[in-house]
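Can you keep this structure in mind? I'll have questions shortly.
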Amino acid sequence: MTEANLSDSQNGSQPLVSMHWNREDASKYLHIHEDLLTVTYVGPGARDFDSASLRTNHPIRSEMGIGYFEINIIDDSRWRGGLGIIGIGLGKRQTPIRQIPGWFHNRYDTIGYHGDDGLKFRKSDFGEFYVGATYGTGDVIGCGINYIDRSVFFTKNGINLG
């Protein structure tokens, strides 16, 4: 079973917004637990087409300057022979929830950092070398956006990967 937990932290003068996973904006292959912070993948997991995404109840607002969230990977074990891939990233509200962040071609502007290969993806099936840091069970992976310098960054276990 692939399972992850959301935690949030935000920077700037804006008050903290309580973020949690949005049950109304999640793939049918994801089960959001009662705490609205824990999610379990329940799909077939055999092909890339079986991937899934979800969004939080609030977007990261540009007025905040910098926004950041983390996922705690509780269990990334392989699902029925599938790849057990977890990806973290950002996308616009219009982005479909049928794939993990970064895989959409040209039509949707998404960016993602994938745990199975440590690559960064942006609107492509082909990832670019990032830091080569794969991740899985027991890791805490963060994703941030800096609206001031228009950059996206990722962290692994508290270390900024850039």
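The numbers here are math on the coordinates, done by the rules we state, and not lab data. All figures in this text were calculated on a predicted structure; none of them were measured in a lab. Positions of Cβ are backbone-derived with ideal geometry, glycine not excepted, and every protein chain shown enters the neighbour counts.
If packing is taken as the mean number of other Cβ atoms within 10 Å per residue, what is the order of 149-157, 34-42, highest first?
Ranking the peptides 149-157, 34-42 by packing returns 34-42, 149-157.
Okay, next question. Arrange the peptides 134-145, 21-32 so that the one whose residues have, on average, the most other Cβ atoms within 10 Å appears first.
So the peptides 134-145, 21-32, ranked by packing, come out 134-145, 21-32.
A further question follows. Residue 131 label point, 7 Å along Cα→Cβ, cut-off 18 Å on backbone N: hits in segment 144-162?
Within reach of a label on residue 131, which here means backbone N under 18 Å from a point 7 Å along Cα→Cβ, segment 144-162 contributes 144-146, 151-162.
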